[in-house]
Amino acid sequence: MNNLKLSRGFISIELMIALIVIAIATTGGISVLMSYLDGLNEQHAAQQQQQVAKAAEKYLKDNFSTVLASAGATAPAVITVPMLRNTRYLPAGFRDTNIYGQQYQVLARKPAANQLETLIVTTGGQVASELSIRRIAQLMGATGGYISKTNTSVAQGAAWQVALSNFGSAPGAGHLATALFFQDGAIANEYLYRNAVPGHPELNRMNTALNMGGNNIAAAGAVTASGNITTSADISARNVTATGTVKAGTADVAGETYTGGWFRTRGNSGWYNERWDGGWYMSDSTWVRSWMNKNVYTGGELRGGKLSSEGRTTVGEYLQINGLAAENAGCAPNGLVGRDNSGPLFCTDGLWKRPSGVNIATPVVLAQYPADNRPRTHCQAVSRDALINGSGPGVLRLEVDGVIVGQARSTAGRNADVVEDASISAMVKAGHRFCLYSTVVLAGFGNSAGMRVTATYLN
């Protein structure tokens, strides 16, 4: 029984906690819902005010003279929603009041001759909160404004402010405003102001072409244009910057000419030096020519794929041939001069040949082996005529193209060692192959230098 009573006590506590949570959640939900509904009302009020502003703008443009005649400096012409509805600038079902029950007034005053300054305000109805009128003005954009409780004598927007006394109006705090003079210069004024009007740059803007009637424009500062500038006379300036193409009949430049791209000429022309009557030009698709056959001089390097001379060619130092030819290989035409790694070659009878006569070069060591009792073999083909000499211990045999051309044996001493290496030589023609074999038959090597192969090239 006591347990049951205890359980009942716990149930009551849990129920109380649940009710508290529900109450808190309900309060938060209602707050979110109310904020959402306020946002919808603010959007609706902003859209409705913008629709009235557009209708008033069209009405003023179409009836400017009529409104101007009835407007004063502090007693403005008043245009109402019924007037805009009856003249079909607003649809037939458009309401006279906004979501707060406030009525619209379009106030157009004449601050100067032939000038209108127009403000739309709401009057009466429910006073909207400070937060709501600021949000609505923000939704309307640059022309949107409001009358704040902090200063009820002015209507103000994000970038403008106007005294309500100028329009003979005092809507009070919590009401909306729209500045048509901030939106369209044609509504504010049909004429161009000589001086700047703070907050109204449109009053210094032309809305049509300006015809000077042959008169001058003097003492101008910067001139900015988005279209063409046309003149039948001269243009004098200090620096000229063009981001597009500059076209002219003749360009006479007294100073330097710089280009970040190509320097192009059209026709059979090019560059001409007026003082010395020389230059470069092209008259066909192949050759760049020197005007008046002037000489070309440089202390640097001239490079090309092919160098042709119709007269004598003179060099001040050496004539260096970098291309390699192969002796006895075909060539054309006769008279060409070439070279290989050993010296010059001449194209004679369709083959690369060495100059006539025999030139004996310094012997070249082709192979050197140590003095030991191992048998040795060295075979090699020669690219030029050569005198091949082989030396070494033991028995030597020299073959050319597999044919034995000589044999020799080293001199032995008392102790069966080498006193003097054997030596053997033979002529080998270019393109042929030789082999030198060494077989050691002695016990010691004494004065032996090991097997050596040398070649003395001819021509």
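The values are calculated or read from the model by the stated rules, or taken from the named source; none is laboratory data. Bear in mind that the values here come from a model prediction, so they are computed numbers and not experimental data. Counting neighbours? That spans all protein chains shown, and the Cβs are built from the backbone with ideal geometry, glycine included.
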Suppose we keep only residues that are out of contact with any Pro (no Cβ under 9 Å at 6 or more places or on another chain) and of a type in the set (A, V, I, L, M, F, W, C) within the stretch 416-434. Which one would you say is modelled with the lowest pLDDT? Ala416
If the requirement is being in a loop (DSSP other than H, G, I, E, B), of a type outside the set (S, T, N, Q) and either closer than 30 Å to Tyr297 by Cα or in contact with a Phe, Trp or Tyr (Cβ under 7 Å, 6 or more places away or on another chain) (or both), which of these qualifies: Gly221, Gly267? Gly267
Do you know which of the residues in the stretch 113-143 that are modelled with pLDDT of 90 or more and among the polar types (S, T, N, Q) is nearest to Glu42 (Cα to Cα)? Ser132
So, in the stretch 370-385, exactly how many residues are at pLDDT below 90 and not charged (D, E, K, R)? 4
Might you let me know whether the stretch 404-415 holds any residue that is modelled with pLDDT under 90, surrounded by 14 or more Cβ atoms within 10 Å (Cβ to Cβ) and under 24 Å from Asn328 (Cβ atoms)? yes
For the stretch 137-154, enumerate the residues that are in a loop (DSSP other than H, G, I, E, B) and not hydrophobic (A, V, I, L, M, F, W, C). Gly141, Thr143, Lys149, Thr150
